[in-house]
Amino acid sequence: MTLSEQIVYYWPELQLSLEQTAIMMGISLFFALVIGLPLGIGLFLSNPKFTQKKTVSYWVLNAIVSVIRSYPFLLLVVTLIPVVRFLIGRAFGPVPASFPLSLVAVAIFARLVEQVLLDIPQEIRLLADSLGANKRQYICYFLLVEGRSGLILAFTTTIVSMVSYSTVMGIVGGGGIGDFAIRYGYQSYQYGIMYLAIILMVCFVFLIQMIGNQIAYQLDKRK
């Protein structure tokens, strides 16, 4: 078959794989925002560079994030199969596969959020103190506002990372565009289909990066 014929033939499977990737990405990025952002703020507020003292909470949060980030992802996916089966009732499919992805997304985004907030000038904290801002006001009206450009770039980086991580979820029946490239491309010797899937992923990453960069540029107060 020619490449065009292969595309027509495998189009239903390609659509399904894109839907599966969208489900995994959507769930994992949702939890990255809902859990990763507060966790990153917590890491920053308890960081010795900010508090000028060592706190137990920081070392606990730091250890959790570091272990998740350093754990080999493929082994993490396999290790969590019993946990996912217990929590969700099944271990196969895009929704169960999103569980380990969500853990990694939360850890990556939390660490990036911490680094972004640590780069905010100390004068911002002094300004907030001089205005009598409490901790909630300091976070909402100073930290997040001052660091919004960097936070957008951090979330963009997290999205790009999740695209890469999601490509291996076929090992637990999660499907996705990576699984499509392996099964219908590489293993079936349909290399045109494999390269098509790769091109789609590369284009998606470029698009997300461009959008993220543009939004960050528009929100950058330093320009």
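Consider Phe109 carefully, then state whether it is surrounded by 18 or more Cβ atoms within 10 Å (Cβ to Cβ), under 23 Å from Thr157 (Cα atoms) and in contact (Cβ under 8 Å) with a residue 40 or more places away in the chain.
Numbers: surrounded by 18 or more Cβ atoms within 10 Å (Cβ to Cβ): yes; under 23 Å from Thr157 (Cα atoms): yes; in contact (Cβ under 8 Å) with a residue 40 or more places away in the chain: yes.
So Phe109 fits the description; yes.
Any idea how many residues of segment 24-36 are surrounded by fewer than 19 Cβ atoms within 10 Å (Cβ to Cβ) and either within 24 Å of Ile120 (Cα to Cα) or among the hydroxyl-bearing types (Ser, Thr, Tyr) (or both)?
Of the residues in segment 24-36, 3 are surrounded by fewer than 19 Cβ atoms within 10 Å (Cβ to Cβ) and either within 24 Å of Ile120 (Cα to Cα) or among the hydroxyl-bearing types (Ser, Thr, Tyr) (or both).
Looking at Thr51, is it free of Cβ contacts under 8 Å to residues at least 24 places away in the same chain, more than 27 Å from Ser161 (Cα to Cα) and in contact with a Ser or Thr (Cβ under 6 Å, 6 or more places away or on another chain)? Before you say what the answer is, go through the steps one by one.
Values: free of Cβ contacts under 8 Å to residues at least 24 places away in the same chain: yes; more than 27 Å from Ser161 (Cα to Cα): yes; in contact with a Ser or Thr (Cβ under 6 Å, 6 or more places away or on another chain): no.
Criteria not met by Thr51.
Residue-wise test of (1) open to solvent by 80 Å² or more (accessible area, probe 1.4 Å); (2) more than 30 Å from Ile139 (Cβ to Cβ); (3) within 23 Å of the chain's Cα centre (by Cα).
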| residue | (1), (2), (3) |
| --- | --- |
| Thr2 | no, yes, no |
| Val8 | yes, yes, no |
| Trp11 | yes, yes, no |
| Ala22 | no, yes, yes |
| Val78 | no, yes, yes |
| Ala97 | no, yes, yes |
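What do you reckon, is Tyr186 more than 23 Å from Leu219 (Cα to Cα) and either open to solvent by 60 Å² or more (accessible area, probe 1.4 Å) or touching a residue at least 24 places away in the same chain (Cβ under 8 Å) (or both)?
Values: more than 23 Å from Leu219 (Cα to Cα): yes; either open to solvent by 60 Å² or more (accessible area, probe 1.4 Å) or touching a residue at least 24 places away in the same chain (Cβ under 8 Å) (or both): yes.
Yes.
Quick check on segment 164-181. Is at least one of its residues within 17 Å of the chain's Cα centre (by Cα), aromatic (Phe, Trp, Tyr) and open to solvent by 50 Å² or more (accessible area, probe 1.4 Å)?
Yes, segment 164-181 contains a residue that is within 17 Å of the chain's Cα centre (by Cα), aromatic (Phe, Trp, Tyr) and open to solvent by 50 Å² or more (accessible area, probe 1.4 Å).
Is there a residue in segment 195-217 that is of a type outside the set (S, T, N, Q), in contact with a helix residue (DSSP H, G or I) (Cβ under 6 Å, 6 or more places away or on another chain), open to solvent by 80 Å² or more (accessible area, probe 1.4 Å) and more than 30 Å from Gly150 (Cβ to Cβ)?
The answer is no, given that none of the residues of segment 195-217 is of a type outside the set (S, T, N, Q), in contact with a helix residue (DSSP H, G or I) (Cβ under 6 Å, 6 or more places away or on another chain), open to solvent by 80 Å² or more (accessible area, probe 1.4 Å) and more than 30 Å from Gly150 (Cβ to Cβ).
Taking segment 82-95 as the search range and keeping residues that are in a helix (DSSP H, G or I), open to solvent by 80 Å² or more (accessible area, probe 1.4 Å) and in contact with a helix residue (DSSP H, G or I) (Cβ under 8 Å, 6 or more places away or on another chain), which one is modelled with the lowest pLDDT?
Here the answer is Leu87.
Looking only at segment 49-76, filter to residues that are open to solvent by less than 80 Å² (accessible area, probe 1.4 Å) and of a type in the set (Gly, Ala, Ser); which one of those is nearest to Leu103 (Cα to Cα)?
Ser66
Cβ-Cβ under 6 Å, sequence separation 6+ or interchain: first residue in segment 81-101 and closer than 14 Å to Thr21 by Cα, partner open to solvent by 60 Å² or more (accessible area, probe 1.4 Å) and part of a loop (DSSP other than H, G, I, E, B). Which pairs?
Going by the 6 Å Cβ cut-off, the qualifying pairs are Pro96/Arg90.
The values are calculated or read from the model by the stated rules, or taken from the named source; none is laboratory data. Every value quoted in this text rests on a predicted model; they were computed, and no experiment measured them. Neighbour counts run over all protein chains shown; Cβ positions are idealised from the backbone, glycine included. Ligands, DNA and RNA are stripped out before the accessible areas are found, and what is left, the full protein with its side chains, is counted by its heavy atoms. Shrake-Rupley method; radii C 1.70, N 1.55, O 1.52, S 1.80 Å.
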